[in-house]
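The values are calculated or read from the model by the stated rules, or taken from the named source; none is laboratory data. All of these numbers come straight from a predicted model, not from anything done at the bench. A quick note on method: Cβ atoms are made from the backbone with ideal geometry, for glycine too, and the neighbour counts reach across all protein chains shown. Ligands, DNA and RNA are excluded from the accessible area calculation, which covers all protein heavy atoms including side chains. Shrake-Rupley method; radii C 1.70, N 1.55, O 1.52, S 1.80 Å.
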Amino acid sequence: MPRKKTVSTPWESHMGDVPMHLDYFKGSMFEAVEKIAEKYPDNIAFDFMGRSTTYSQLVSEVHTVAKSLKTIGVRENDRVTIAMPNCPQAIYMFYAVNLIGGVANMIHPLSAEKEIEFYLNESKSVTAITLDQFYAKFESIRQNTSVVNIIIASVKDELSQSIKAGYMLTEGRKIQKIPSDAPIIRWKEFIKLSKYCFYNYRVKREPDDAAVILYSGGTTGATKGIVLTNYNFNALGAQVIAANGMFRPGDKMLAAMPLFHGFGLGVCIHTMLSQGGRCILVPRFTAKSYAKLITKYRCNFIAGVPTLYEALLRLPSMDNADLSCLKGVFSGGDSLSVELKKKLDKFLYDHKSVIQVREGYGTTETVTACCLTPSHMFKEGSIGLPFPDTYIKIVKPGTDKELPYGEEGEILLAGPTVMKEYMNHPEETAQTLRKHSDGLTWVYTGDLGIMDNEGFIYFRGRAKRMIISSGYNVYPSQIENILDANEKVQMSCVIGVPDAYKMQKVKAFVKLAAGVPANEETRKDLMAYCRKNIAKYAMPYDIEFRADMPKTLVGKVAYRQLEEEELEKLKNKE
């Protein structure tokens with residue numbers, strides 16, 4: 001029996017207080033935050049390394065940054081690249097770009113030089129902001145882009161006096177000094193430029209206007225910019241709160257997931273700030289800092305990837321922690337194994353928490369999560385129910401033929417958070433976004449799953465080739481393209497190897513070009529080349545040289561065979 005389309009119904013039947021349809025704010029993302037700031041001006045919007053910022057201060061700072069952007073010439077629809085960790089300047093810049101009608105191009109600050117160059121050119125960014133420690137990477141590729149201004153911020157500028165001294169003696173000392181004549185605008189100077197903006201800097205935006213670009217591999221694994229709208233983000237905020245009836249304004253969310261990730265930006269930051277929550281900003285994540293902040297601030301909500309929770313369970317500092325403050329613990333970004341869920345639930349129970357971890361599912365094409373386990377009802381192995389107004393169906397892969405309950409097929413998504421397009425990729429946009437006879441536009445996720453007769457979804461795997469390492473999506477084909485471009489390499493193949501902490505780590509197999517010796521020096525050269533071209537989180541931990549690669553019947557590299565060989569090696573070690 002095929003699944004009926006109105007899949008918001010399960011939330012009504014399983015959670016009596018969740019409305020089937022929600023009203024979504026039609027203004028911009030910043031207007032949503034401004035509106036909540038009028039209601040709770042003195043509430044704390046976020047905390048950063050011991051310093052708190054109220055909603056009224058947040059709105060005031062955003063207006064100042066917006067004026068400065070206007071002064072340096074940023075106009076409506078211009079793209080501004082934000083390569084920042086979770087820190088105040090990143091929040092101000094994100095909403096200021098939105099206020100002046102620009103588009104925020106969100107990228108990982110640890111990206112390799114060549115990746116940064118690609119992101120700047122792909123988005124045609126006119127301005128970029130990053131931290132002082134990443135200045136050298138931007139400067140080395142700047143001449144290959146059309147970026148006019150680079151704004152350099154520093155973590156120390158947002159610290160309280162007591163913490164600043166300690167920071168400068170430890171972390172601050174490691175940061176290479178930027179030449180005084182460097183062609184940049186330092187954050188403090190940038191802020192002063194606001195006084196030269198004498199005219200209206202506020203731009204009216206429509207709900208469907210482009211607002212944010214996030215990056216993902218799309219359905220083919222090649223990096224693409226996913227264009228998302230104000231409406232997408234505001235709808236997500238309303239859905240997350242509707243699916244979490246225990247939320248109250250002032251509740252604290254530990255914002256450790258990064259800003260360039262849909263989960264971090266959409267759930268940990270914008271949902272909280274548009275609904276009156278309080279973000280505890282975590283600039284550099286370690287399991288230790290995460291654990292410390294949960295207990296210090298008595299957080300009500302935490303979100304993370306399975307690797308984060310795996311690390312949390314092992315920390316001695318959590319032995320006597322009181323977690324009775326928790327109202328919601330969410331896991332996403334990768335499948336949560338049944339075993340890890342059991343361990344985590346027991347850990348929560350042993351530390352005075354009355355809740356269990358709730359698994360979710362989503363794609364960057366829908367900002368982030370669009371499916372979540374209800375707070376009071378759990379089915380083993382399930383990723384939960386679709387959010388209100390979100391529709392999910394399981395079809396025969398690549399078609400619109402809906403499958404009966406319990407039958408595995410491709411997961412399709414529709415609803416108010418569906419992206420606008422893949423930037424500069426109309427053909428792939430048309431492949432991924434398809435309008436059906438029901439009038440809805442469906443996202444073909446390339447993921448496989450099952451739906452049961454109560455509307456619960458079960459994730460079964462990825463139809464597209466992808467490695468998930470510490471919650472980050474790593475696309476083997478991208479790394480292979482980089483390796484194959486090196487003159488010492490004839491052919492490469494990249495796979496994910498199971499890892500107790502990262503879930504998967506990246507390994508490369510290389511067939512060297514004729515005459516290149518398969519020795520340690522060659523390996524070191526290739527690793528150095530990778531570090532320059534590949535982001536830290538996607539770096540191969542090992543490069544293995546092969547005289548030849550195993551092939552499939554049609555002559556492609558048999559990567560599955562290499563995966564099986566690695567699994568066999570791991571079993572023999574055990």
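Every residue, every condition in (1) within 20 Å of L236 (Cβ to Cβ); (2) in contact with a Leu (Cβ under 8 Å, 6 or more places away or on another chain); (3) open to solvent by 20 Å² or more (accessible area, probe 1.4 Å); (4) touching a residue at least 40 places away in the same chain (Cβ under 8 Å), yes or no:
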{"position": "I392", "(1), (2), (3), (4)": "yes, yes, no, yes"}
{"position": "K401", "(1), (2), (3), (4)": "no, no, yes, no"}
{"position": "M419", "(1), (2), (3), (4)": "yes, yes, no, yes"}
{"position": "Q431", "(1), (2), (3), (4)": "no, no, yes, yes"}
Original post:
Could we say that E365 is over 18 Å from G304 (Cα atoms), open to solvent by 30 Å² or more (accessible area, probe 1.4 Å) and not in a loop (DSSP other than H, G, I, E, B) here?
Top reply: no
**OP:** Taking V329 as meeting all but one of (1) touching a residue at least 40 places away in the same chain (Cβ under 8 Å); (2) open to solvent by less than 10 Å² (accessible area, probe 1.4 Å), write down the number of the exception.
**Re:** (1)
Original post:
Considering only region 273-309, how many residues are in contact (Cβ under 8 Å) with a residue 60 or more places away in the chain and not small (G, A, S)?
Top reply: 14
Subject >> Count - residues of region 444-492 that are buried (at least 18 other Cβ atoms within 10 Å of the Cβ), among the small types (G, A, S) and out of contact with any Gly (no Cβ under 6 Å at 6 or more places or on another chain) >> reply: 6
Original post:
Restricting attention to region 228-245, which residues are under 15 Å from F330 (Cα atoms) and in contact with a strand residue (DSSP E or B) (Cβ under 7 Å, 6 or more places away or on another chain)?
Top reply: A243, N244
Original post:
Looking at region 122-145, which of the residues that are modelled with pLDDT of 95 or more and open to solvent by 60 Å² or more (accessible area, probe 1.4 Å) is nearest to R51 (Cα to Cα)?
Top reply: K124
Original post:
Can you tell me how many residues in region 229-255 are of a type in the set (A, V, I, L, M) and open to solvent by 10 Å² or more (accessible area, probe 1.4 Å)?
Top reply: 5
Original post:
Of all the residues that make up region 19-67, how many are among the hydroxyl-bearing types (S, T, Y), open to solvent by 20 Å² or more (accessible area, probe 1.4 Å) and either under 24 Å from Q239 (Cα atoms) or assigned to a helix (DSSP H, G or I) (or both)?
Top reply: 5
**OP:** Go over the candidates A547, A518 one by one and state the one that is farther than 24 Å from E115 by Cα, open to solvent by 40 Å² or more (accessible area, probe 1.4 Å) and in contact with a Leu (Cβ under 7 Å, 6 or more places away or on another chain).
**Re:** A518
